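So that we are looking at the same thing, I have put the structure below in structure tokens.
The values are calculated or read from the model by the stated rules, or taken from the named source; none is laboratory data. Computed from a predicted model, the values in this text were never measured in an experiment. Every residue, glycine as well, gets a Cβ built from its backbone with ideal geometry; the counts of neighbours run over all protein chains shown.
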Amino acid sequence: MNIIPADNFTRPLGRNEVIGLLFRLTIFGAVTYFTIKWMVDAIDPTRKQKVEAQKQAEKLMKQIGVKNVKLSEYEMSIAAHLVDPLSMQITWGDIAGLDDVITELKDTVILPIQKRHLFHGSRLLQPPKGVLLYGPPGCGKTLIAKATAREAGFRFINLQPSTLTDKWYGESQKLAAAVFSLAIKLQPSIIFIDEIDSFLRSRSSSDHEATAMMKAQFMSLWDGLDTDHHCQVIIMGATNRPQDLDSAILRRMPTRFHINQPNLRQRQAILKLILANENVDTTVDLSEVAKDTDGFSGSDLREMCRDAALLCVRDFVHNNHTENSEDEDYIRPIQQQDLQKAIGKMKKSKTAGSQPMLLMHAALD
């Protein structure tokens, strides 16, 4: 039996032995690091998305000019949904037929923030903490929210319900808290929730526990904004189903604007705005077109005008296939008959879309 002398345990290591030991430690450390990284990635499959969201958030923060503001990991996830107001192409001039709503928004929401010194001593004249835009789809609710942020210069957080959902228990509540803490750090800011009814609909006993806790957390933090009367954070929601919203949410949104289907005068103003930069024949009578488009929303009118413009393009393509004359090498202006054809097409489309709903209601009756 060979016995190792005790001196071998105390003697200093040689140069080659030290290099070999360091090499083995380096290999062991690298293997350990990549093993742990693989395990973390396997446990949290969304880690890569979170890293990308952090990079996007840092880019957006620089773009909107936010400096020396430290954000937590959760706030970074929310900051990835920031929108630079100056990058928005929507202004008040791009919205027609809603002058009354725009005027009231300017007076009740924007003015108290832009002229804070005038309302500093009054709690009643502070901007509302919640604004609800409701009405039929396609009537300009989202456009108004974007134009408000652009014209007022607010930081705009486009919050989506999927942003607050997480597979881990308790993470959704932390993300909900990050929404408000981020908005306060970036104030004045708007938290915009499109289709808010899908996120904050009426609560019931059948709700999932995590969903119920997230809603409760969101509403609790929302009420916390009222404790600071100088907080410049506004939550703005848009929906075409206000009846589905929880009553507690409606209480927190005292300022409400009904964006209804445009009337005759509004339709004429919308048509004039849509066709302002288009090649339109001088004989086109927009008042007649407005009379024939009763029940059309703003988006319907835009699509109708697009169909009319496409008819001109089709004629141009057809003429180029049949004739090679240089005199015909241009797209003719939009004429009254083009708009009438487009109106007929849109009416058929709207009728076809409403038939399944009528059949469903007939079956239920």
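Output the residues belonging to the range 309-365 that are of a type in the set (A, V, I, L, M) and at pLDDT 75 or above.
Across the range 309-365, the qualifying residues are A309, L310, L311, V313, V317, I331, I334, L339, A342, I343, M346.
Quick check: anything in the range 155-175 in a helix (DSSP H, G or I), under 20 Å from Q232 (Cβ atoms) and either in contact (Cβ under 8 Å) with a residue 40 or more places away in the chain or under 15 Å from the mean Cα position of the chain (by Cα) (or both)?
No, the range 155-175 contains no residue that is in a helix (DSSP H, G or I), under 20 Å from Q232 (Cβ atoms) and either in contact (Cβ under 8 Å) with a residue 40 or more places away in the chain or under 15 Å from the mean Cα position of the chain (by Cα) (or both).
Using beta carbons and a limit of 6 Å, which pairs, at least six apart or on different chains, have the first residue in the range 302-313 and more than 13 Å from I274 (Cα to Cα) and the second one surrounded by fewer than 18 Cβ atoms within 10 Å (Cβ to Cβ) and charged (D, E, K, R)?
C312/R332
Provide a single number: the residues in the range 66-95 that are under 24 Å from P161 (Cα atoms) and not in a loop (DSSP other than H, G, I, E, B).
So the answer is 11.
Of the residues L111, L105, L133, which is over 16 Å from the mean Cα position of the chain (by Cα), crowded, with 20+ Cβ neighbours inside 10 Å and not in a loop (DSSP other than H, G, I, E, B)?
None of the others qualify; the one that does is L105.
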